[in-house]
Every structure is written in C-alpha cells, then in structure tokens.
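A.B. asks: Here it is: the structure, laid out below.
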Amino acid sequence: MLKKRYKNEYGKRGICVPAFTALAMLAMSGTALAAGWSMESGNWHYINYDGSYATDCFKRSGDNYFYLDSSGDMLYSTIVEEGQNFYYVNSAGAMVSNEWREVENTDKYSYDEPDTWWYYLGSNGRAIRQTSDRTKVATVPTKAGNAKFIFDEMGHMLSGWISEDGQMLSGDDAWREGTYYADPNNGGRLVINSWAYIYAEDQDNEERDGDGYWFFFDGSGKKVTDKVNKTINGRKYRFNEYGVANYDWYQDASSSSASYYSEEMQCWLRTGWFKAMPDPEKDPEGADLGEEYWYYADKKGVTATSQIKNISGIRYAFDGYGKMLHGLYILEMDEDGETIIDGHLIETIDELPEDPGEALVYYFGDSPKEGAMKTGTCTILLDGERLTYKFEKSGKLRGSGVNGIDGDAIYVNGRRMEADPDMRYEIYEYDGESYLISSSGKIMKNRTNIKDGDGYYYCTDKNGIVTYQGEDRYKKD
C-alpha cells in the first residue's frame with residue numbers, strides 16, 4: 001500500500017492513506033458490491049444491506065474509519081461532529097488520532113476570535129474538549145515535549161486570558177477577569193509554575209514604565225491573587241486581587257510603615273538595605289527632589305522609620321518616611337533616645353543652634369559606612385568651612401553633640417567654639433563666665449599679656465577665665 005509521511009506544526013508524524021487501495025481495485029475491476037464501499041460520481045459511499053447510503057456515521061475500512069455525511073458522501077480534511085464529540089478526517093478521509101490539527105475558523109463571529117482553531121485528537125480520535133463546568137486542562141505532546149493546554153466544549157485550544165470556567169476572554173479587562181493564561185506567543189501553552197509579563201490596559205496607572213504587569217501562575221495554571229509576601233524562588237512578593245505583582249512602595253492602611261517591592265520589572269520584596277525613589281504619595285517632597293535614598297527593611301519587609309537603629313553594630317537614623325539621614329541634623333528625640341519625633345537637616349552655618357542645649361545635633365557621615373552615626377570627635381565641612389565637633393559616646397544622648405567644657409575646649413551643641421583666625425584669640429561667654437579661646441578652640445589657661453590680632457592684651461586664671469583685658473600690657477602693682 002502506498003504511504004505518504006507528513007508532519008504538522010506541532011511536530012507529530014503520521015501515516016496518510018491517500019486512497020482505499022483494496023476498494024479502489026474492486027471499483028476498477030467493475031466488481032459489484034452487495035453491501036459495503038462503492039465509488040460513485042467520484043466519491044466514496046457506503047452501501048447498506050438494504051441498498052441505502054450510510055449517512056452521518058463512521059464506517060471502517062481496514063484499520064481506518066471514514067465519515068459519511070448526511071448525503072452519504074465521504075468527507076475529507078475537516079472536523080466532524082458526531083454526537084457530542086468532534087473528530088478530524090484527513091485528506092484521504094481517514095480519522096486521525098494522537099495528532100494536532102489546525103482548522104480554518106469558518107464560523108468566526110468576532111474579530112477577537114482566531115482565524116484558525118487548533119485541535120488535539122486523542123488516541124480514540126476524539127478531540128479533547130471541555131465536558132463539564134470545570135475547565136479542561138489537558139497534558140498533550142508537542143514537538144518540544146509535553147505541555148498543558150486548555151480546550152473549550154468545541155475542542156478548540158484556547159489562548160490568551162481564560163476565565164475560571166474555561167471561557168476565552170478579550171477586551172481591556174481580560175487581565176483582571178482572567179484566571180489562566182495560555183501564551184499565544186508560545187503555541188498556546190498554559191503558563192504553569194512560572195512568571196509571565198502580560199500586556200494590560202490600565203488607565204488608572206498610566207505613569208508606569210511598561211505596558212503590562214507581572215503575574216505568577218501556580219501548579220494548576222491559576223494566577224496567584226490576594227497574597228501577601230508569597231515566597232517564590234526564595235524571594236517574597238505581594239499580589240493584588242487581580243494577580244498583579246506589586247512593585248514600588250506599598251503601605252497597608254493599618255500600618256504606619258511601608259514596604260518596597262523593587263522596580264516595575266522585578267517586584268520582589270526588598271529586605272535589608274536598598275536604594276529607591278521616595279513614594280510620591282506618602283513623601284511628595286522627597287520625591288520632588290528626584291533622587292534615590294537608602295532605606296532599610298526588616299525580614300518582613302517593614303522599613304525602619306523615625307528612629308535611630310543599630311544595624312550590624314553601626315547606628316543609622318531614618319526619617320518618618322524611611323529615608324536614611326546623611327549629614328548634620330537637629331533632631332527632636334523621645335525619652336528612649338531612639339525614637340525621632342522631628343528632624344531638620346543643617347545646610348548652612350546660620351542654621352546652627354547658638355545656645356548650649358538649645359537642640360540635639362547629630363552627624364551621620366561616611367565612616368565607617370555612609371550614614372553611620374558619629375560619636376567622639378570629627379571634622380565636618382559646612383558652608384565651605386571646616387568645623388570641629390564632638391558627640392556623646394554613650395547613654396540615651398549617644399551621638400548628640402556635647403555641651404560644656406570638655407578637656408581644653410568649649411562645645412556648644414557639639415560644635416567646638418573657636419576664635420576668628422585673624423584675631424587669634426577671642427573671649428567666649430559661657431555659663432556666666434568669660435573664657436579666652438584660641439583659633440584652634442583651646443581654652444587659654446594661666447596666661448599673662450597674651451595679645452590678639454587687634455593688639456589687645458589678656459590675662460587668664462587657671463581655668464582660662466579672663467582676669468584682665470586692655471590695650472596696654474598688664475602690670476602688677
């Protein structure tokens with residue numbers, strides 16, 4: 001028997017029988033059949049014992065089945081509906097099995113429908129189809145290996161967004177209403193245990209960078225929805241009621257702290273240190289600056305806010321929106337010494353508090369790491385001037401500027417008081433006393449007739465308190 005091999009788009013090889021060899025030989029020999037197959041008017045028919053044509057049914061010849069339509073003519077290259085099932089007969093009229101077949105959609109009633117439908121014909125020749133209210137998810141072979149697909153009640157393989165009950169969806173809200181996604185760019189394969197970035201028309205979020213959202217589909221092929229901190233491949237994600245993976249900032253209405261879920265194309269919950277743009281809704285002033293800031297989140301993704309926090313042995317400060325502080329700040333602190341009530345960045349010398357104890361001044365510099373709270377002595381550049389500061393090393397006021405006389409210097413809110421370099425020496429009033437200080441900030445103790453840049457003479461006692469000042473040298477009587 002002559003055989004012809006073929007291969008369809010899904011890579012399934014089969015045997016095509018172009019004609020009924022035995023029946024053709026009988027027809028050519030002119031042998032009459034009392035009942036059985038007969039070639040008439042260029043088409044095959046099946047004659048029943050009563051002489052009528054067999055219609056609307058399959059008849060067998062050898063190992064194959066062939067379908068006779070309502071006129072008794074054998075059909076070719078088409079889908080055949082028999083009872084509640086669908087079959088496909090090839091170009092020789094034989095029923096096919098274990099094959100994919102693509103068939104023109106001759107009943108297309110909507111522009112959303114495809115021009116062709118794919119069917120998979122099982123081992124019994126029947127097209128896989130939905131037979132109940134439940135979605136028909138079937139594992140079938142493809143050229144690349146087995147994959148899952150969804151079929152409707154007509155045996156059509158569906159693609160795109162598909163509803164819970166197995167209906168193919170279209171329109172701008174399909175991504176909201178859909179449960180499954182059969183990727184049309186991947187042969188209609190159902191997305192299983194995998195991420196998919198899918199186009200989504202969303203007029204409520206036109207400022208996003210992309211034109212879609214990330215969705216994750218579980219082992220059943222359903223998109224994950226309404227999940228908080230779902231772990232996928234070791235990272236945590238949040239999904240809203242439509243299955244969209246949250247990105248950027250998220251703050252629950254019942255919480256004062258926010259969480260950050262990375263950029264639009266990543267979406268995972270950030271923990272530990274991360275850098276991001278401020279939330280424009282919660283922190284519009286920060287967002288308007290157009291700069292990224294450092295934030296720190298715990299293992300649950302909750303960002304640190306309004307506090308001085310010890311992280312790996314280094315203390316850092318965070319404002320009410322979670323931005324890490326960097327620079328010289330005036331902070332209003334709670335009694336616990338850790339909670340920040342309010343804060344203000346000092347950007348010019350004119351903003352420095354002048355009276356001792358007027359404010360708590362802290363410095364968050366670059367050593368040993370950016371944003372590290374400073375204790376002890378350091379030099380700070382402000383308004384182009386180098387200022388010497390000293391900060392408390394312990395207690396509830398740890399990190400705040402020292403006030404008072406410490407060693408041979410006077411500190412006011414952490415800043416060491418110094419004479420003008422051109423004057424060399426100046427009197428500084430502190431706690432009701434007049435102290436003579438140098439341009440390096442040193443209290444001049446037990447000095448006699450020390451002269452400043454204007455030619456004035458000073459004498460001090462053992463504490464550095466001025467006992468004489470004048471244009472003339474001091475002389476004992």
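Read-outs throughout are calculated quantities, based only on the coordinates presented, and are distinct from any laboratory measurement. Predicted model only: the values in this text are computed from it and were never measured. In this analysis, Cβ positions are derived from the backbone assuming ideal geometry, glycine residues included, and neighbour counts consider all displayed protein chains.
A.B. asks: Work out the length of the dipole vector of the chain about its Cα centre, built from +1 on the beta-carbon of each Lys and Arg and -1 on the beta-carbon of each Asp and Glu, and round it to the nearest 20 debye.
C.D. replies: That gives a dipole near 3460 debye.
A.B. asks: Another one. Add -39500 (n - 2.57) for each DSSP H run of 4 or more in the chain, then divide by its residues: what number comes out at 222 nm, to the nearest 500 deg cm²/dmol?
C.D. replies: Using -39500 (n - 2.57) per qualifying helix, the result is -1000 deg cm²/dmol.
A.B. asks: Could you pull out the trypsin sites (Lys or Arg not before Pro) across the range 182-286 that fall in loop regions by DSSP (anything but H, G, I, E, B) with no more than 15 other Cβ atoms inside 10 Å?
C.D. replies: Of the trypsin sites (Lys or Arg not before Pro), the ones in loops of the range 182-286 whose Cβ has at most 15 other Cβ atoms within 10 Å are 208, 282.
A.B. asks: Amide H of residue 142 versus every other amide H placed in the peptide plane: which residues, excluding those fewer than 5 positions away on the same chain, fall under 5 Å?
C.D. replies: Sorted by chain and number, the residues that satisfy this are 147.
A.B. asks: If you don't mind, another one. Evaluate the charge dipole of the range 23-150 about its Cα centre and quote only its size in Debye, nearest 20, assuming +1 on the Cβ of each Lys and Arg and -1 on the Cβ of each Asp and Glu.
C.D. replies: The dipole of the range 23-150 has a size of about 600 debye.
A.B. asks: Hey, what do the phi angles of the range 104-119 turn into as Karplus ³J(HN,Hα) couplings, whole Hz, using 6.51/-1.76/1.60 and θ = phi - 60°, x for Gly and Pro?
C.D. replies: Per residue, the Karplus-derived 3J(HN,Hα) values read 4, 7, 7, 10, 4, 10, 9, 5, 6, 6, x, 6, 9, 10, 9, 10 Hz.
A.B. asks: While we're on this one: In sequence order, what are the phi-derived ³J(HN,Hα) couplings for the range 337-346 according to the Karplus relation 6.51 cos²θ - 1.76 cosθ + 1.60 with θ = phi - 60°, rounded to whole Hz, with x for glycine and proline?
C.D. replies: Karplus-based 3J(HN,Hα) across the range 337-346 equals x, 10, 7, 8, 7, 7, x, 8, 6, 8 Hz.
A.B. asks: Distance cut-off 25 Å, Cα to Cα: go down the list 374/462; 374/445; 236/323 and report the pairs above it.
C.D. replies: Details: 374/462 32 Å; 374/445 30 Å; 236/323 22 Å.
Beyond 25 Å: 374/462; 374/445.
A.B. asks: Which label marks the calculated value of Cα extents along the principal axes in Å, given the options (i) 67, 58, 44; (ii) 71, 53, 42; (iii) 159, 40, 34?
C.D. replies: Here Cα extents along the principal axes in Å agrees with entry (iii).
A.B. asks: Which one of 151, 199, 167 is farthest out on the positive end of the charge dipole of the range 103-199, using unit charges on Cβ (Lys, Arg +1; Asp, Glu -1) and the Cα centre as origin?
C.D. replies: 151
A.B. asks: Here is a further query. Please list, ordered by chain and number, the residues whose modelled amide H lies under 5 Å from the amide H of residue 212; skip anything fewer than 5 residues away on the same chain.
C.D. replies: Those lying under 5 Å, H to H, from residue 212 are 200.
A.B. asks: Summing +1 for each Lys or Arg and -1 for each Asp or Glu, what net charge is found among the other residues whose Cβ lies under 12 Å from the Cβ of residue 470?
C.D. replies: -1
A.B. asks: Going by amide H atoms built from the backbone, whose H comes under 5 Å of the H on residue 371, apart from near neighbours?
C.D. replies: 365, 366
A.B. asks: Here is a further query. Taking the Cα centre as origin and putting +1 on Lys and Arg beta-carbons and -1 on Asp and Glu beta-carbons, what dipole magnitude results for the range 330-477, to the nearest 20 debye?
C.D. replies: 1100 debye
A.B. asks: Can you work out ³J(HN,Hα) from phi for every residue in the range 187-199, in order, using Karplus 6.51 cos²θ - 1.76 cosθ + 1.60 and θ = phi - 60°, giving whole Hz and x for Gly and Pro?
C.D. replies: Per residue, the Karplus-derived 3J(HN,Hα) values read x, x, 5, 6, 6, 10, 6, 7, 8, 8, 8, 10, 4 Hz.
A.B. asks: If every alpha-carbon in the range 267-308 counts as one equal scatterer, what log10 I(q)/I(0) does Debye give at q = 0.19, 0.25 1/Å?
C.D. replies: For the range 267-308, the Cα-only Debye profile gives -0.60, -0.95.
A.B. asks: Distance cut-off 31 Å, Cα to Cα: go down the list 393/451; 396/451; 299/396 and report the pairs above it.
C.D. replies: Values: 393/451 36 Å; 396/451 42 Å; 299/396 27 Å.
Beyond 31 Å: 393/451; 396/451.
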